[in-house]
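Notes for the one structure printed next.
The values are calculated or read from the model by the stated rules, or taken from the named source; none is laboratory data. These numbers were taken from a predicted model, which means no experiment stands behind them. We place every Cβ from the backbone using ideal geometry, glycine too, and count neighbours over all the protein chains shown. All accessible areas refer to the heavy atoms of the entire protein, side chains included, with ligands and DNA or RNA removed. Shrake-Rupley method; radii C 1.70, N 1.55, O 1.52, S 1.80 Å.
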Amino acid sequence: MENKRGLSDIVVTLIIVLLSMVAIGVVWVVVNNLIQSGTAGVETSAKCLNVNLEVKKVNCTDGSTNQICDVTLSRTGTESDALGGVKLIFQNKTAEVSSSSLIDISGNIEPLVGKKATGIDSLIANAVGVNAIEVTPYFKDDSGNEQLCSQTISYSF
C-alpha cells in the first residue's frame, strides 16, 4: 500500500511521453505536407528560368469579324523539357477602351526550331485591331495541370 505514490509517478511520466510523441507526429505530418507541396512550384520555376521564347513575327489581317493572326515563335535556352504550350494575349493598347483576348496554343516548341501558328482568331474586332501580343509559356505537371511560367514576353507591332 505504501508504493502507490511511486506507481502514479510512473503513469504520469508515461502519459507525458506519449503526449509528446503524438505532438511530434502531428507536427511532422504538417511540416512534411508543406515541404512536399512546395517542391512542385520550385521545379516549375527552375524550368521556366531556362526557357527563352521570342516572338519573331506577327502578321494580323482582317477576317470576317475579327483579326486573324499568324505568329512565329522561336525558343532558345538550355531547358530541353517539353513545353505544355503557350498562352497568347492579343491586345490593342492604343484604343480608347483597351481590348485583349487570351488564346491557348498547346504543344511543345522545340528549342532552336520554333513554331508557326497560323490562322489564329485574335477575338479582337477588325475595327479595333491588334497591335501587341504577350506570350507566356507553361509546362504540364505529372497530373496534367498547367503550370504557368512567371515571365511574359511582350511584342508590339
Open item on the list: Quick check for me: using +1 on Lys/Arg Cβ and -1 on Asp/Glu Cβ, what's the dipole size of the chain about its Cα centre, in debye to the nearest 20?
Closed with: 160
Task: Max mean-square fluctuation residue, GNM over the chain, Cα-Cα springs under 10 Å, options 27, 71, 135 - done: 27
TODO: Quick one: among 144, 114, 129, which has the greatest mean-square fluctuation in a GNM of the chain with alpha-carbon springs under 10 angstrom?
DONE: 144
Open item on the list: Take residue 12 and residue 45, extend 7 Å from each Cα along the Cα→Cβ direction, and tell me the distance between the two endpoints in nm.
Closed with: 4.9
TODO: Among 64, 99, 45, determine the one that fluctuates most according to a GNM of the chain built with springs between C-alpha atoms less than 10 Å apart.
DONE: 64
- [ ] Could you work out how far helix 4-49 tilts from the main Cα principal axis of the chain, as a 0 to 90 degree angle to the nearest 10?
- [x] 10
TODO: Return, for the Cα atoms of the chain, the radius of gyration and Dmax in Å, separated by a comma.
DONE: 27.9, 101
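So what is Rg over Rh here for segment 68-157, counting just Cα atoms and using Kirkwood for Rh?
Working: Rg = 13.9 Å, Rh = 14.0 Å.
Rg divided by Rh gives 1.00.
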TODO: Choose one of 99, 69, 15: the residue whose Cα lies farthest towards the positive end of the charge dipole of the chain (beta-carbon charges +1 Lys, Arg; -1 Asp, Glu; about the Cα centre).
DONE: 15
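Can you give me the relative contact order of segment 81-155 as a percent, contacts being Cα pairs under 8 Å and 6 or more apart?
Details: 133 pairs, mean separation 27.0, N = 75.
For segment 81-155, the relative contact order is 36 percent.
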Task: Whole-number percent relative contact order across the chain, with pairs defined as alpha carbons under 8 Å at least 6 apart - done: 22
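Could you look at segment 80-135 and say what percent of its accessible area is carbon and sulfur, using a 1.4 Å probe and all protein chains? Each step should come with its number before you reach the end.
Values: 1440 of 2830 Å².
For segment 80-135, the apolar C and S fraction of the accessible surface comes to 51 percent.
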